[in-house]
Amino acid sequence: METYVVTGIGTEVGKTVVSAVLCEALKADYWKPVQAGDLHALDSDFVRSHTSETNVIPANVLLNHAMSPHEAARLDGVELTEEQFDLPRFSKTTIIEGAGGVMVPLNDDGLCYIDLFQLWELPVYVVTRHYLGSINHTLLTLNALMMREIPIAGLIVNGDRNEASERIYHSHFPDLSITTIPEINEFSTESIQQAARLWIEQQA
């Protein structure tokens with residue numbers, strides 16, 4: 001039984017979609033510890049609706065405002081601490097989705113997602129997509145994980161491959177596993193399953 005963390009190089013790179021694809025590919029459960037904003041349409045609802053066998057573990061914290069968790073928590077009168085994020089007892093392979101990138105703050109005392117990743121000692125999948133500046137954001141994320149000695153499960157490209165970017169990633173991280181998930185235009189269980197099959201084929 002394996003448990004993986006999914007993080008991104010920033011916001012809007014497709015972490016939830018990739019999490020759903022990994023849940024389908026690995027027949028895994030799903031946990032997002034903190035949801036900030038969009039409480040009418042939770043990321044966990046998306047994963048539940050578009051996978052075939054995934055059990056969703058409820059979030060530890062639901063915050064009302066769509067902003068950085070540290071400020072959303074302050075506005076809600078909630079204090080986020082490391083002790084709140086002990087790993088549940090998972091019964092099977094589980095995908096844990098973070099929020100934003102590795103340095104997203106959880107409180108005003110310096111606690112960030114990367115601190116939880118280090119505490120959990122779990123391999124991390126980094127989600128990237130190609131845009132101007134994405135090489136910088138991707139390398140910063142990978143280096144931050146490496147400096148903390150957090151295992152990197154792989155880099156997952158959401159969308160088309162870019163060989164020029166991948167050459168740079170491999171020049172810094174020669175053993176880095178790079179896989180892709182095609183950009184999905186219409187979300188359904190079937191489209192997530194198709195993406196999962198394509199991702200599995202890349203593991204061979």
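Residues of region 24-35 include none that is in a helix (DSSP H, G or I), out of contact with any helix residue (DSSP H, G or I) (no Cβ under 6 Å at 6 or more places or on another chain) and not aliphatic (A, V, I, L, M).
Checking each residue in region 97-119 for being open to solvent by 20 Å² or more (accessible area, probe 1.4 Å), outside any loop (DSSP other than H, G, I, E, B) and under 20 Å from PRO151 (Cα atoms) picks out ASP115, GLN118, LEU119.
Among the conditions (1) open to solvent by 30 Å² or more (accessible area, probe 1.4 Å); (2) in a helix (DSSP H, G or I); (3) touching a strand residue (DSSP E or B) at 6+ places or on another chain (Cβ under 7 Å), HIS65 misses just one, which is (2). Could you tell me how many of the residues in region 152-197 are in contact with a strand residue (DSSP E or B) (Cβ under 7 Å, 6 or more places away or on another chain), at negative phi and modelled with pLDDT of 95 or more? Looking only at that region, the number is 15. Listed by first and then second residue, the pairs linking a residue in region 79-98 that is in contact (Cβ under 8 Å) with a residue 40 or more places away in the chain to a residue that is of a type in the set (D, E, K, R) and open to solvent by 60 Å² or more (accessible area, probe 1.4 Å), with Cβ atoms under 8 Å apart and 6 or more places separating them unless they lie on different chains, are LYS92/LYS27; THR93/GLU2; THR93/LYS27.
If I filter region 122-168 down to residues being among the polar types (S, T, N, Q) and under 17 Å from the mean Cα position of the chain (by Cα), which single residue comes out as surrounded by the fewest Cβ atoms within 10 Å (Cβ to Cβ)? Can you show your working first?
Going residue by residue through region 122-168, those that are among the polar types (S, T, N, Q) are 128, 134, 136, 138, 141, 143, 158, 162, 165.
Applying the additional criterion that residues be under 17 Å from the mean Cα position of the chain (by Cα) yields 128, 134, 138, 141, 143, 158.
Values: THR128: 27, SER134: 17, THR138: 27, THR141: 24, ASN143: 12, ASN158: 21.
Applying the filter and picking the extreme gives ASN143.
The values are calculated or read from the model by the stated rules, or taken from the named source; none is laboratory data. This is a predicted model, so every value here is computed, not measured. Positions of Cβ are backbone-derived with ideal geometry, glycine not excepted, and every protein chain shown enters the neighbour counts. Surface areas here come from the heavy atoms of the whole protein model, side chains and all, with no ligands, DNA or RNA. Shrake-Rupley method; radii C 1.70, N 1.55, O 1.52, S 1.80 Å.
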